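This report refers to the structure that appears directly beneath it.
The values are calculated or read from the model by the stated rules, or taken from the named source; none is laboratory data. Being a predicted model, the structure only gives us computed values, none of them experimental. Cβ: placed from backbone, ideal geometry, glycine included. Neighbour counts: every protein chain shown. Quick note on the areas: whole protein, heavy atoms, side chains included, nothing else; ligands and nucleic acids left out. Shrake-Rupley method; radii C 1.70, N 1.55, O 1.52, S 1.80 Å.
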Amino acid sequence: MAEEVLIPSSGKTTSHLTGSLLAVAFLTSFGSSMLYGYNLAVVNSPAVYIKDFYNKTVVNRNGTGLSEETLTLMYSLTVSVFAIGGLLGSVIVGMLVTRFGRKGTVVNTTILVFIASSLMGFSRICGSPEMVIFGRFITGIHSGISLSVVPMYLGEIAPKNLRGFLGLVPSIFIGTGVFAAQILGLHELLGKEENWPLFLSVVVVPTFIQLMLLPWFPESPRYLLIEKHNVHATITALKWYRTKCNIQAEIEEMQEEQRSLSSMETLSVWKLLLDDTVRWQVLSVVVINIGMQLSGIDAIWFYTNDIFNNAGIPAPEIQYTTAGTGIIEIIAGLIGCFTIEKLGRRPLMIGGFAMMGICSGGITLSLILQAHLSFMRYISVCCVVGIIAGFCIGPAGVPFLITAELFKQSHRPAAYIVGGSLNWLSNFTVGFVFPFLQFSVPIAQYANHQKSAGSYCYLVFGSICLSVAVYVYIVIPETKNKTFMEISRIFSKKEAILETQGLIHVDQLKLKKINGYGGLEHTSLEFDSSSSVP
């Protein structure tokens with residue numbers, strides 16, 4: 001049976017993009033992923049107004065205002081509590097997707113958005129800074145869940161030849177969310193003092209649309225068959241999402257995976273970390289998720305205004321120029337989305353991280369020399385654009401897709417917990433440690449010829465980006481147009497070859513392969529040309 005399943009997965013049989021698949025990808029991303037991008041950028045524009053609200057509220061309560069340090073701490077907490085909530089959301093996502101399913105988790109967690117929007121929207125009327133902070137925390141929980149469950153859901157409903165395309169749709173909407181926050185934050189729209197509560201709570205609109213429409217679509221077929229053992233619902237879901245293709249091949253592939261997991265329940269994070277049959281997959285998830293945040297993209301976004309200011313852009317126009325970077329994010333995301341099925345996952349990640357590494361080195365050079373060579377300030381602007389574009393083409397979305405592809409059903413929820421937790425922890429670390437270490441300072445200092453280690457921090461970011469690119473090139477195989485079982489076999493072969501190089505006895509190797517994650521046949525240890533790891 002296993003050999004028969006491999007025949008239609010060779011790439012000759014393909015499925016077409018249906019309206020149902022596209023609608024689900026847009027609905028889940030529009031009502032969930034876009035909110036993550038929006039909440040990343042929404043607090044930048046009204047920062048002054050929020051601080052003023054905090055100070056006035058404390059004056060009304062205590063008769064005295066806040067010190068500058070305390071006010072800065074409260075605002076920093078407002079910004080960073082989003083990452084703390086995201087970490088919590090990523091930790092509980094495994095439990096949620098096992099109990100409620102993939103689509104069920106997306107639908108049920110919309111209640112968090114309504115609660116958070118109500119808290120932030122009525123915070124000024126109630127005179128409560130605590131409502132703003134707690135609202136941000138709850139939006140972080142929702143984003144932490146969404147960043148894991150949406151790629152998981154789309155990866156499981158998509159046919160293998162469209163899994164990359166659909167898997168990168170959320171990253172496009174993340175960029176769209178950032179751009180929406182930048183546009184709505186303009187003074188002509190919601191960037192006025194009286195509008196900041198509405199500005200923070202408007203996220204309820206896309207979530208409401210998602211809640212009205214998404215329940216009409218089926219659950220993940222893989223979840224229905226492998227975890228719920230509901231063949232009839234699986235067939236119904238596949239017919240909903242497919243057209244003009246033989247769904248029998250997909251069902252057989254799922255049943256093969258189900259048989260390999262017949263004696264195995266959904267793994268916990270601890271069991272996943274102890275399972276040496278998936279150590280390369282786990283290590284790959286760790287590397288790409290940490291690398292995605294430690295690439296310095298958050299630091300670049302934070303200091304974009306300073307860099308543009310030093311480049312000579314008039315202050316009133318900086319907000320519009322910054323909004324222009326949002327357009328670059330969307331365009332780069334679209335390029336990645338429409339080329340991933342032709343180029344593959346590896347080229348987008350390798351190219352994206354390498355581009356970010358080179359441009360980080362360019363920023364260091366330009367910051368050092370721009371006090372002596374005026375044109376270098378424009379080089380720094382180009383490098384900022386290059387880093388943002390490189391990030392959005394691949395590293396922004398492919399790691400979430402890869403996490404779904406590298407693991408089978410029993411391991412996938414725990415893998416998303418590991419990847420998501422490291423992602424949010426790295427995000428929080430960069431946001432807090434980066435300024436305190438004074439890796440970067442306002443760019444104006446360089447114009448005054450003051451010495452600083454600020455420019456050299458980008459060499460650290462660049463080194464991390466290039467290291468991740470090298471790791472992807474050496475370790476992670478191309479997963480384009482492969483079934484989950486085929487991908488797991490690739491890693492089993494890699495494990496087997498490493499072990500035959502003197503690590504264990506041949507008899508032990510055979511036993512390990514029989515019991516191993518990929519179910520690798522003991523008669524074949526060579527890589528095939530289409531799946532070899534460079």
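Report, by residue number, each residue of region 52-65 that is buried (at least 18 other Cβ atoms within 10 Å of the Cβ) and either in a loop (DSSP other than H, G, I, E, B) or under 34 Å from the mean Cα position of the chain (by Cα) (or both). Result: 53, 54. Just name the residue that is modelled with the highest pLDDT out of those in region 258-272 that are open to solvent by 30 Å² or more (accessible area, probe 1.4 Å) and outside any helix (DSSP H, G or I). Filtering region 258-272 for residues that are open to solvent by 30 Å² or more (accessible area, probe 1.4 Å) and outside any helix (DSSP H, G or I), the one modelled with the highest pLDDT comes out as 268.
Consider region 370-388 and keep the residues that are at pLDDT 80 or above and open to solvent by 20 Å² or more (accessible area, probe 1.4 Å). The one that is farthest from residue 162 (Cα to Cα) is 379. Residues of region 58-116 that are of a type in the set (A, V, I, L, M), under 30 Å from residue 415 (Cα atoms) and in contact with a Leu (Cβ under 8 Å, 6 or more places away or on another chain): 87, 106, 107, 113. Please list, ordered by first then second residue, the pairs with beta carbon atoms under 7 Å, 6 or more apart or interchain, first in region 273-286 and outside any loop (DSSP other than H, G, I, E, B), second open to solvent by 30 Å² or more (accessible area, probe 1.4 Å). Correct list of pairs: 282/273; 286/422. Every test in (1) open to solvent by 20 Å² or more (accessible area, probe 1.4 Å); (2) in a helix (DSSP H, G or I); (3) in contact with a helix residue (DSSP H, G or I) (Cβ under 7 Å, 6 or more places away or on another chain) is passed by residue 352 save one, and that test is (1). On the given criteria, is residue 215 in a helix (DSSP H, G or I), of a type outside the set (Phe, Trp, Tyr) and touching a Pro at 6+ places or on another chain (Cβ under 8 Å)? Against the criterion (in a helix (DSSP H, G or I), of a type outside the set (Phe, Trp, Tyr) and touching a Pro at 6+ places or on another chain (Cβ under 8 Å)), residue 215 does not qualify.
Is it the case that residue 338 is among the hydrophobic types (A, V, I, L, M, F, W, C) and either crowded, with 20+ Cβ neighbours inside 10 Å or at pLDDT below 80 (or both)? Break it down stepwise before answering.
Details: among the hydrophobic types (A, V, I, L, M, F, W, C): yes; either crowded, with 20+ Cβ neighbours inside 10 Å or at pLDDT below 80 (or both): no.
Judged against the criteria, residue 338 is not a match.
Can you tell me which residue in region 294-332 is least open to solvent (accessible area, probe 1.4 Å), limited to those that are at pLDDT 75 or above and touching a Leu at 6+ places or on another chain (Cβ under 8 Å)? Among them, the one singled out is 323. Taken together, the criteria exclude residue 401 from residues that are in contact with a Ser or Thr (Cβ under 7 Å, 6 or more places away or on another chain) and buried (at least 24 other Cβ atoms within 10 Å of the Cβ).
Which residue, of 79, 91, 107, is open to solvent by 20 Å² or more (accessible area, probe 1.4 Å), under 23 Å from the mean Cα position of the chain (by Cα) and at pLDDT below 85? Can you show your working first?
On the way: 91 fails: at pLDDT below 85; 107 fails: at pLDDT below 85.
None of the other options fit; the residue is 79.
Does residue 361 qualify as being closer than 20 Å to residue 467 by Cα, touching a residue at least 24 places away in the same chain (Cβ under 8 Å), open to solvent by less than 50 Å² (accessible area, probe 1.4 Å) and touching a Gly at 6+ places or on another chain (Cβ under 8 Å)? Yes, satisfied. Taken over region 218-243, the residue count meeting the criterion of being open to solvent by 40 Å² or more (accessible area, probe 1.4 Å) and in a helix (DSSP H, G or I) is 7. Only a single criterion out of (1) under 22 Å from residue 111 (Cβ atoms); (2) crowded, with 16+ Cβ neighbours inside 10 Å is not satisfied by residue 255, namely (1).
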